[in-house]
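Below is one structure. I have some questions about it.
The values are calculated or read from the model by the stated rules, or taken from the named source; none is laboratory data. Here the structure is a predicted model, which is why all the values come from computation and not from measurement. Cβ coordinates were reconstructed from backbone atoms using ideal geometry, including for glycine residues, and neighbour counts include every protein chain displayed. These accessible areas exclude ligands, DNA and RNA; they are computed on the full protein's heavy atoms, side chains included. Shrake-Rupley method; radii C 1.70, N 1.55, O 1.52, S 1.80 Å.
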Amino acid sequence: MPDVFIAFVREERAPLCAFLRARGVGPEDAEDIAQDCMERLIRYRAHDTEELRLLLYRIARNRLADRGRSPQSRNHLSLTERDGNEEAASASPDPLRQAESGQMLALLRQALFKLPERAREVYLLNRITGMSYTQIARHCGITAKTVEKHIARALQGLRKELGPDPLHNDGDTE
């Protein structure tokens, strides 16, 4: 299992750095953040690669959000104005929203794993890693048109599985 994790980390480093740079992070900072993300991912090394990819990009998004909340971005406030209350408020979303997010994530994960393997892979590469259709085509050894078809198939499958309001479907299965 460690060899699979090491291969995953090596394979995902460049796309992760590209993902970070596409969001305005400089090359050196992107490398630093990518390294930090990989280190944080180690505790999940026993998970399969699809879950690792989801976790890796979730960690990266969180790191980007943390940068936006850094003390440097709040320098205009005096010490008396910064009593830490805003940090406590932002760190704990309301319980209903938190529960719905957890439920939605579980439903989405189930729906994703019902997709054909290639459609799921292409969808995640596009939506999670931010790769373009051309990049995905090169990465997977397929054409951009095939990538487009896999994305369409994935979206259709997710719509079918999740429906218009997946958290409030009153037990309807179809």
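What number of residues in the range 10-37 are assigned to a helix (DSSP H, G or I), surrounded by fewer than 19 Cβ atoms within 10 Å (Cβ to Cβ) and of a type in the set (A, V, I, L, M)?
2
Suppose the filter is farther than 27 Å from residue 21 by Cβ and under 18 Å from the mean Cα position of the chain (by Cα); does residue 156 pass it?
On the way: farther than 27 Å from residue 21 by Cβ: yes; under 18 Å from the mean Cα position of the chain (by Cα): no.
Here the answer is no, as residue 156 does not meet what is asked.
Starting from the range 137-158, take each residue that is within 19 Å of residue 12 (Cα to Cα) and open to solvent by 60 Å² or more (accessible area, probe 1.4 Å) and list its partners that are at pLDDT below 95 and not in a helix (DSSP H, G or I), counting only C-beta distances under 7 angstrom and pairs at least six apart or across chains.
139/131
Residue by residue, here is whether (1) more than 22 Å from residue 135 (Cα to Cα); (2) in contact with a helix residue (DSSP H, G or I) (Cβ under 9 Å, 6 or more places away or on another chain); (3) at pLDDT 65 or above holds:
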position	(1), (2), (3)
5	yes, yes, yes
41	yes, yes, yes
56	no, yes, yes
67	yes, yes, yes
74	yes, yes, no
91	yes, no, no
113	yes, yes, yes
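Still on this structure, please answer the following. Would you be able to tell me the number of residues in the range 43-66 that are closer than 15 Å to residue 125 by Cα, open to solvent by less than 70 Å² (accessible area, probe 1.4 Å) and among the basic types (Lys, Arg)?
Result for the range 43-66: 1.
Of all residues in the range 124-137, which are modelled with pLDDT of 90 or more and either in a loop (DSSP other than H, G, I, E, B) or not aliphatic (A, V, I, L, M) (or both)?
Answer for the range 124-137, where residues must be modelled with pLDDT of 90 or more and either in a loop (DSSP other than H, G, I, E, B) or not aliphatic (A, V, I, L, M) (or both): 133, 134.
Write out, first by first residue and then by second, each pair whose Cβ atoms fall under 6 Å of each other, whose residues are 6+ apart or on separate chains, and whose first residue, in the range 35-57, is under 25 Å from residue 118 (Cβ atoms) while the second is open to solvent by 50 Å² or more (accessible area, probe 1.4 Å) and in a helix (DSSP H, G or I).
55/44
Something else about it: May I ask you to list the residues in the range 108-123 that are open to solvent by 20 Å² or more (accessible area, probe 1.4 Å) and in a helix (DSSP H, G or I)?
Applying the first criterion (open to solvent by 20 Å² or more (accessible area, probe 1.4 Å)) to the range 108-123 yields 108-110, 113-114, 116-118, 120-121, 123.
108, 109, 110, 113, 114, 117, 118, 120, 121, 123 - these are the residues of the range 108-123 that are open to solvent by 20 Å² or more (accessible area, probe 1.4 Å) and in a helix (DSSP H, G or I).
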